[in-house]
Every structure is written in structure tokens, then in C-alpha cells.
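> My questions will all concern the structure given below.
Rule-based calculations on the coordinates, nothing more; no lab input. Predicted model only: the values in this text are computed from it and were never measured. As a convention, Cβ positions derive from the backbone with ideal geometry for all residues, glycine included, and neighbour counts pool all protein chains shown.
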Amino acid sequence: MHIPDGFLDAKTAVAAGALAVAGLGVALRRVRRVLPARRVPLIGLAAAVVFAAQLLNFPVAGGTSGHLIGAVVAAVLLGASASVVVMSAVLILQCFLFADGGLTALGANLFNMALVAPLVGYGVYRLVRRVAGSGLRGTLLAAGFAAWCSTVAAAIACAGELAVSGTVAWRVALPAMAGAHMVLGLGEALVTALIVAAVARSRPELLHEPALADGWRRSAGVAAYGFLVALGMVVFVAPVASRAPDVLQRVAAELGLTPRAPALAAPFAAYGVPGVRAGAAATALAGAIGVVVAFAVAWTAARVLTRRDRASGAHDA
């Protein structure tokens with residue numbers, strides 16, 4: 001769903017960028033105000049896991065592939081505003097280090113996947129959980145359905161931007177993007193529910209935020225373990241992930257669309273590493289670099305925004 005350079009006209013790119021900047025600014029202020037300092041390590045963990053998950057493309061019908069967005073996982077564990085910050089850090093990193101998503105389309109990609117996906121997903125999660133109950137079954141139902149909704153909502157936003165730009169007619173973009181992501185969203189829902197279930201069984205405090213005196217150290221331990229899991233995902237699984245084009249790439253190919261601007265020159269473009277010829281090794285190394293940088297950037301940003309002596313905080317609406 002990462003829009004490349006040249007697919008959006010100037011007015012759409014600027015408008016989406018302005019909305020993304022405004023939304024990220026609000027999210028940063030809320031994180032600074034409400035995020036407990038003990039949750040800072042989990043910001044880094046969420047960024048590392050989301051980056052790793054987005055490398056793991058899986059095949060779907062029609063010769064296309066998809067990957068987890070991860071916005072709802074971050075929102076369930078950290079709140080909507082922190083999820084916006086996590087997703088923004090990952091998307092900015094993907095753009096500048098890996099040329100995954102165009103520079104001129106960065107604002108649109110942020111709007112779709114760092115604003116629409118987490119905010120829609122978290123809103124649906126809260127609503128369904130209120131109706132279905134706060135027990136494990138209700139939580140899993142809410143998380144799964146919210147993940148599906150967030151995927152489809154982001155796809156619809158992407159289709160709208162392409163249509164407004166005149167790149168693809170709305171009657172073509174909407175069914176192509178939304179229809180395919182309704183299927184992809186089922187995978188997003190399943191994986192999200194499994195992750196939330198694992199967290200609920202092994203670290204239920206991450207879902208309920210008790211005021212623990214040693215909360216910062218406990219979160220740091222969870223983050224360190226999760227970081228190693230994310231690193232293992234990109235080293236051992238990413239090299240064998242599906243190489244089929246994603247939905248947007250498939251639609252562009254079928255319609256004969258080509259980018260109207262050159263791609264950004266990035267140090268690890270296409271998830272390769274200069275001097276490393278073996279495709280699997282390059283993907284694994286580039287992925288490992290991305291996980292480390294994503295963790296460090298998101299953790300540092302959250303650390304700057306919060307004070308370690310902050311005693312308590314709550315999920316944001």
C-alpha cells in the first residue's frame with residue numbers, strides 16, 4: 001500500500017502531507033502528556049515488530065501479496081496516539097532508508113497508514129470491546145475486527161488519493177484496493193488476534209496497565225525479548241517471504257501506470273545492501289538494520305517525550 005513517487009498530483013500530496021503533519025503533531029503532544037514512562041521501551045518494541053511484520057509478505061489470490069500493517073497491535077498495547085507515533089517512525093524510516101514509498105507521497109502514506117489505520121482501528125476496538133465485553137474473548141474479537149477495519153479504511157483512503165489525483169478512476173481504484181484489502185484484512189485480523197492473545201496470556205499487564213513499581217524494568221525486559229523476536233523474523237523469515245507484487249503494484253501494472261518521478265536514492269533501496277549480492281543475505285541484513293534503527297528511533301523519540309519519573313498514565317482515546 002506504499003504509494004511511490006509520481007502517482008499523486010501536487011495538490012493531493014500537499015493536502016495529505018498537511019493532514020499527516022497536523023495529526024502527528026497532535027499525537028506527539030498527547031504522548032508527551034499521557035504516556036507512562038514505564039511504557040517507553042514498548043514504543044521501540046512496537047516499531048521494531050511493525051517494521052519486521054511489514055517485510056513478511058504473504059501470497060494471496062490473483063498473484064498478489066500482502067503484509068501486516070500492525071497499527072492496531074500498537075494501538076491496543078499503547079493507545080491510539082502512541083500507535084500514530086510508532087507507525088510514523090516506521091514509514092519515515094522505510095522511505096528514507098529503503099525507498100519503500102515515495103518521498104513526495106510520504107505525507108499520503110503517513111495519512112493512510114499512520115493516521116487512518118490506527119485511529120479507525122482503535123475507535124472500532126474501543127467500540128466493539130464496550131459491546132462484547134472486556135474479557136479475553138471480547139478483547140480478541142475487538143482487536144481482530146478493528147484490524148480488518150483499519151486495513152480496509154487505509155486502502156479506501158489510498159484509492160481516494162489516486163482518484164483525486166487523476167491517476168486511476170474512482171470506479172476502478174475503489175473496488176481494486178478495497179476489495180483486495182478486504183481479503184488481506186482477514187490475515188491482518190487473524191495475526192492481530194493471535195498477538196493480542198499471546199500478550200494476554202503471557203503479559204496481561206501490558207493490556208491493563210497496572211501501577212507497578214518495577215513497571216519500567218518489566219517493560220524493558222519485554223521489549224528486549226520482543227526485539228530479538230523481531231530480529232529473528234527478518235533474518236530467517238523475510239528472505240523467503242513472497243516476492244509477488246502488492247495490490248497497488250498489481251493495479252498499476254494492469255493499468256499500465258508508471259511513476260512520473262524517479263524513486264528516492266536510498267542507501268538500502270529495495271531492501272538490498274551495497275556489496276552483498278546474495279538476495280536472501282541482503283534482505284536479511286537490510287531487515288536487521290531496519291529493525292535496529294526502528295527500535296532506536298522510536299525508543300529515543302518516546303524517551304525524549306516522557307519523563308522516567310512519571311508515575312502513571314492511561315490509554316488515550
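> Given an 8 Å cut-off on Cα distances and at least 6 residues of separation, report the relative contact order of segment 10-305 as a percent.
Relative contact order of segment 10-305: 30 percent.
> Next question. Using θ = phi - 60° and the Karplus curve 6.51 cos²θ - 1.76 cosθ + 1.60, what whole-Hz ³J(HN,Hα) does each residue of segment 33-38 get, with Gly and Pro shown as x?
8, 10, 6, x, 4, 5
> Right, here's the next one. If amide H atoms are built 1.01 Å from N in the plane of the peptide, which residues on other chains or at least 5 residues away come under 5 Å of the amide H of Val60?
Ser65, Gly66
> Continuing with this model, one more query. Work out, step by step, the length gained on full extension between Ala10 and Arg33: first 0.36 nm times the residue separation, then minus their alpha carbon distance; give nm to one decimal. Could you put the intermediate results ahead of the total?
Working: separation 23, 0.36 × 23 = 8.28 nm, distance 3.47 nm.
Stretched out fully, the Ala10 to Arg33 stretch lengthens by 4.8 nm.
> Would you be so kind as to identify which of Tyr225, Pro274, Ala147 lies farthest towards the positive end of the dipole of the chain, taking Lys and Arg as +1 and Asp and Glu as -1 on Cβ and the Cα centre as origin?
Of the options given, the answer is Tyr225.
> Oh, and also: Tell me what the chain gives for mean residue ellipticity at 222 nm when only DSSP H runs of n ≥ 4 count, each as -39,500 (n - 2.57), the sum divided by the residue total, rounded to 500 deg cm²/dmol. It would help to have the intermediate numbers written out before the result.
Values: 12 runs with 207 residues, N = 317.
So the helix-based figure for the chain works out to -22000 deg cm²/dmol.
> Something else: What ranking do 158-170, 95-107 get when scored by the average of other Cβ atoms within 10 Å per residue, highest first?
On the way: 158-170: 19.5, 95-107: 21.9.
Averaged packing, sorted descending, gives the order 95-107, 158-170.
> Give, rounded to the nearest 20 debye, the magnitude of the charge dipole that the chain has about its Cα centre when Lys and Arg contribute +1 at Cβ and Asp and Glu contribute -1 at Cβ. Before the final figure, lay out each step's value.
Values: 24 positive and 12 negative charges, 191 e Å.
Charge dipole of the chain: 920 debye, to the nearest 20.
> For the chain, what's the radius of gyration and Dmax over Cα atoms, in angstrom?
Cα only, the chain: 18.6, 59 Å (Rg, Dmax).
> Taking H as built 1.01 Å from N, whose amide H comes closer than 5 Å to the amide H of Gly272, not counting residues under 5 places away?
The list, which skips near neighbours in sequence, is empty: none.
> Amide H neighbours of Gly101 under 5 Å, counting only residues 5+ apart in sequence or on other chains, H built in-plane at 1.01 Å?
Result for Gly101 returns nothing.
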